[in-house]
Each structure stands twice: as structure tokens, then as C-alpha cells.
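Down below is the structure, laid out as C-alpha cells.
Any read-out appearing in this document is the output of simple, stated calculations on the displayed coordinates, not a laboratory observation. None of these values were measured; they are calculated from a predicted model. Here the Cβ positions follow ideal geometry from the backbone for every residue, glycine too, while neighbour counts run over all protein chains shown.
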Amino acid sequence: MKRKLVIATVAAAVLIGGGTYTAAALSDDDASGAAVGSAPVTVQGRDDDRDDDASEDRSAGPAGSVTAAQAVAAALKHTQGTVSSVDLDDDGDRHWEVEVLGKDDREHELRVDVRTGAVREDKAEAENDDRDGDRAALRAASVDAREAVDAALRAHPGATVTSVDFEDDGSGRWEVELGEDAADERELTIDAKTASVTTGPADD
């Protein structure tokens, strides 16, 4: 009886994201050394891909809807410029009132629907020359409205921001109000240069 020698060779290549290995059976009758059969096998590895969102909104929206940060984003998509204030208005149809100092050098008052995020412009006015200093301070602030919201929510995760206003008294700060219920209301001061947070209104 003719004796056959079967040699099995295995080559393995495994990467973190996955790999393959192939097993081949060879016979001494096979002068060419070609594989009699092969079966690729996929080795599943670890998936380290993460979808990190740097602008992730940490706040709860009023009644689980559009948040202050989302209202700012919607307003700026509608009108390019710098947001000077964001306030939740409970009178009649609930909405955010957002004031934007536009790139067209006009002051725009926008309404952002608290349920849908739809934006409507109430009015646009030319800048008041008497407030040129305030406008310059707002534009020069290192911390904008969204960053002020983010700073407040880092200090109080999960809170509801109801108001964000840039103080026009030359102090270079944002006033942020948290909480819809009287028991939860809190006022913070955010430095417009450093984003440092102080609980309670700043001393004048």
C-alpha cells in the first residue's frame, strides 16, 4: 500500500480590526505544491471606533424639548452673527427669544419654537451707536453663548437652562439661569474670558 504523507501548514494573520487564516493540505503526489483545499476564516476583533460629539448638549430641554444650546444653534443657522441673549418665554406659545447681533450690523430678535426648533424673525433693527462699546465687548468675548451654556452644565449636569444673557455693563460676563421650578432655580455667572463659573449673581 502506497503510503502518503500529508503535511498541514497554517498561516495566521490576526489584526485588531480582524484578520484571516488559511489551512492547506498538501500531498507528496502533488509535485506543484498547490493547495488541495483552503478555507478563509474571518476573525472578528475589537471595534474601537467611537462617534464622539464635541458639541453634545448636556442639558435637559424644557419639558423635554428644544434646549437653550439648540435654540442658539437654530438661531445662528437662520441669522449669522453673535448671540447676546437666549430666554425661555412662557407667555402664550412657548418659545425661545434669541437676540443676535448680525454680521449685517443689525440686531435681530428671533423666536425659536420650543417644540420644533422652527425659527421666525420678529424684527431687525440697526445698531444703536450708544451701545457700540457693549457690542464690541460681545464680539470680543472669548466665551460665546453656547460655551456659556456648556460651562454652566459642566457645573450642573442635567440642569435646564432657561436664560443666557451677556451683561452690557462692561463686566465681561454671562448670566445664566437654571431650573424651571422655583425650587430648582439657580443663577450662575460665567466669565466671558475664562468660562469660570460662580454660583449666584456677580457682585456689582
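Once both labels are positioned 7 Å from their Cα atoms along Cα-to-Cβ, the gap between Arg139 and Thr199 label points is 3.8 nm.
Each label point was placed 7 Å from the Cα along the Cα-to-Cβ direction; for Ala182 and Arg94 their separation is 1.9 nm. For segment 189-194, 3J(HN,Hα) computed residue by residue from phi via the Karplus equation (6.51, -1.76, 1.60; θ = phi - 60°) reads 10, 10, 5, 6, 9, 10 Hz, glycine and proline entered as x. Extension gain, Glu121-Asp105: 0.36 nm per intervening residue step, less the Cα-Cα distance, totals 4.2 nm.
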